[in-house]
Amino acid sequence: MLIDCDDCVMRDLACANCVVTVLLGSPPGAVEVDDLEQRALAVLADSGLVPHLRLVPLGLPGGDGRPASAAS
């Protein structure tokens, strides 16, 4: 998964409560996270140790600016 904060709709809305910002600060450019790292971050988030990933890429179908978990 490629995470590019510059292209995230949630950047100004939920950036401070996103795992990327909490762990890396505001990274310049994109960050690549492999499947194993995604699973590890999900376990940490589900345990309440870090926030969930709030990434919503620009141009996402439905583009209402809400994370997928909030859109349902």
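Over its Cα atoms, what ratio of radius of gyration to 2.2 N^0.38 Å does segment 2-57 give?
It is 1.04.
Per-residue Karplus couplings for segment 51-57, computed as 6.51 cos²θ - 1.76 cosθ + 1.60 with θ equal to phi - 60°, are listed in order as x, 6, 5, 9, 4, 9, x Hz, Gly and Pro entered as x.
At 0.36 nm per residue, and after removing the present C-alpha to C-alpha distance, how many nm does the segment from Val33 to Asp6 gain when stretched out fully? Walk me through the intermediate numbers first.
Numbers: separation 27, 0.36 × 27 = 9.72 nm, distance 1.61 nm.
Working it through step by step, the gained length comes to 8.1 nm.
Laboratory data are not the source of any read-out in this text; all were calculated from the coordinates shown. Just so it is clear, the model here is predicted, and its values are computed rather than measured.
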